[in-house]
Amino acid sequence: MARSSPLTPAVLHILLALSTEERHGYGIMKQVERESGGKVRMGPGTLYGSIGRMMDAGLIRESDKRPDPDMDDERRIYYAITAAGRRALQAELDRYRSVVAVATEKHLTPKASADGA
């Protein structure tokens with residue numbers, strides 16, 4: 001996954017979920033669902049397949065931290081975004097901003113699309 005390559009939707013959502021705190025797999029799935037307003041639901045196959053590829057690419061890593069060992073299941077593996085992951089996320093967000101800027105310049109809005117304009 002080169003930094004200049006667009007990210008898949010799953011990778012983008014995982015990086016967004018990890019951008020503010022380390023999370024375990026189920027926590028990532030629930031955060032993605034919350035942040036997307038329920039529109040994106042990631043199953044275990046998609047999540048853990050993506051996590052494996054992201055770890056291989058150096059975008060995320062396993063964390064050795066535990067939020068509260070007394071309140072947490074020790075079998076849970078937590079993941080953290082890496083510096084490379086932050087750069088990839090930033091590059092993707094910059095791509096999205098560029099697309100939105102073009103759409104704004106062309107006066108393409110949800111209302112204009114709904115009106116057929």
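The values are calculated or read from the model by the stated rules, or taken from the named source; none is laboratory data. Quantities reported herein were computed from a predicted structural model and do not represent experimental measurements. Every residue, glycine as well, gets a Cβ built from its backbone with ideal geometry; the counts of neighbours run over all protein chains shown.
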Those residues of the range 78-98 which are over 13 Å from residue 6 (Cβ atoms) and of a type in the set (A, V, I, L, M), in sequence order
80, 81, 83, 84
Lone unmet requirement of (1) modelled with pLDDT under 95; (2) over 15 Å from the mean Cα position of the chain (by Cα); (3) assigned to a helix (DSSP H, G or I) for residue 67:
(3)
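So that you can scan it fast, the table gives a plain yes or no per residue for (1) modelled with pLDDT of 95 or more; (2) basic (Lys, Arg):
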position: 75; (1), (2): no, yes
position: 78; (1), (2): no, no
position: 82; (1), (2): yes, no
position: 89; (1), (2): yes, no
position: 98; (1), (2): no, no
position: 101; (1), (2): no, no
position: 107; (1), (2): no, no
position: 113; (1), (2): no, no
position: 116; (1), (2): no, no
Looking at the range 1-42 only, could you name the residues that are basic (Lys, Arg) and within 15 Å of residue 94 (Cα to Cα)?
3
Tell me the residue from 36, 19, 50, 63 that is without any contact (Cβ under 8 Å) to a residue 40 or more places away in the chain and small (Gly, Ala, Ser), please.
36
